[in-house]
1. Which lysines, if any, have their Cα less than 22 Å from the Cα of K34, not counting same-chain residues under 8 positions apart?
2. Where does the chain land at 222 nm, in deg cm²/dmol rounded to the nearest 500, when only DSSP H runs of n ≥ 4 count, each adding -39500 (n - 2.57), divided by all residues?
3. Considering only DSSP states other than H, G, I, E and B, which trypsin sites (Lys or Arg not before Pro) in the stretch 17-97 qualify as loop sites with at most 13 other Cβ atoms within 10 Å?
4. Compute the longest continuous run of the chain that contains no exposed GluC sites (Glu not before Pro); treat a site as exposed when its DSSP state is not H, G, I, E or B and it has at most 10 other Cβ atoms within 10 Å.
5. What FRET efficiency, computed as 1/(1 + (r/R0)^6) with R0 = 30 Å and r the Cβ-Cβ distance, is obtained for Q29 and A76, rounded to the nearest 0.05?
6. As an exercise, identify the chymotrypsin sites (Phe, Trp or Tyr not before Pro) in the stretch 8-97 lying in DSSP coil whose Cβ has no more than 14 other Cβ atoms within 10 Å.
7. If one computes the Cα centroid of the stretch 49-73 and of the stretch 1-27, what distance in Å separates the two points?
8. I'd like the Karplus ³J(HN,Hα) series for the stretch 36-48: coefficients 6.51, -1.76, 1.60, θ = phi - 60°, whole numbers in Hz, and an x wherever there's a Gly or Pro.
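The values are calculated or read from the model by the stated rules, or taken from the named source; none is laboratory data. Nothing here was measured: the structure is a model prediction, and the numbers come from that model. Cβ atoms come from the backbone with ideal geometry, glycine included; neighbour counts cover every protein chain shown. Just the protein is used for accessible areas: all its heavy atoms, side chains included, with ligands, DNA and RNA removed. Shrake-Rupley method; radii C 1.70, N 1.55, O 1.52, S 1.80 Å.
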Amino acid sequence: MTPIDELKGWLAIYREAKQAIAKAEEAAQMAREKIEDALGDDEVGTIDGEPVVRWTFVRSERFDQKKAKALLGDDAAACMIPTETRRFTLVEAGAEQ
């Protein structure tokens, strides 16, 4: 473990910013739902006759791991590429390490 006592203020700023982001994301989601409801099946929304929002269909293709395993069995593992990332997690007061 690394003590970061001198960063206590930065940790408080980070927590407050994350809470503000969560509130803003909630408001944005609510606004988006209202706009999507108003658009219905239309792809473009206008204000004063000018387009201000587009809600278009996008098609993409993704790799289906379950299907690959069903088709290839254990050989499907040969197609997997291991990756490593670091997860940054705030620990709540009183939580176990």
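1. Partners found: K23.
2. Helix-only estimate at 222 nm: -14000 deg cm²/dmol.
3. Qualifying residues, ordered by number: R59, R62, R86, R87.
4. Maximal segment without exposed cleavage sites: 1-60.
5. Values: r = 36 Å, r/R0 = 1.20.
After rounding, the FRET efficiency stands at 0.25.
6. Working: sites: W10, Y14, W55, F57, F63, F88; in loops: W55, F57, F63, F88.
Here the chymotrypsin sites (Phe, Trp or Tyr not before Pro) that fit, given the DSSP loop and packing criteria, are W55, F57, F63, F88.
7. 34 Å
8. With coefficients 6.51, -1.76 and 1.60, one gets 4, 4, 5, 5, x, 8, 6, 9, 10, x, 10, 10, 6 Hz.
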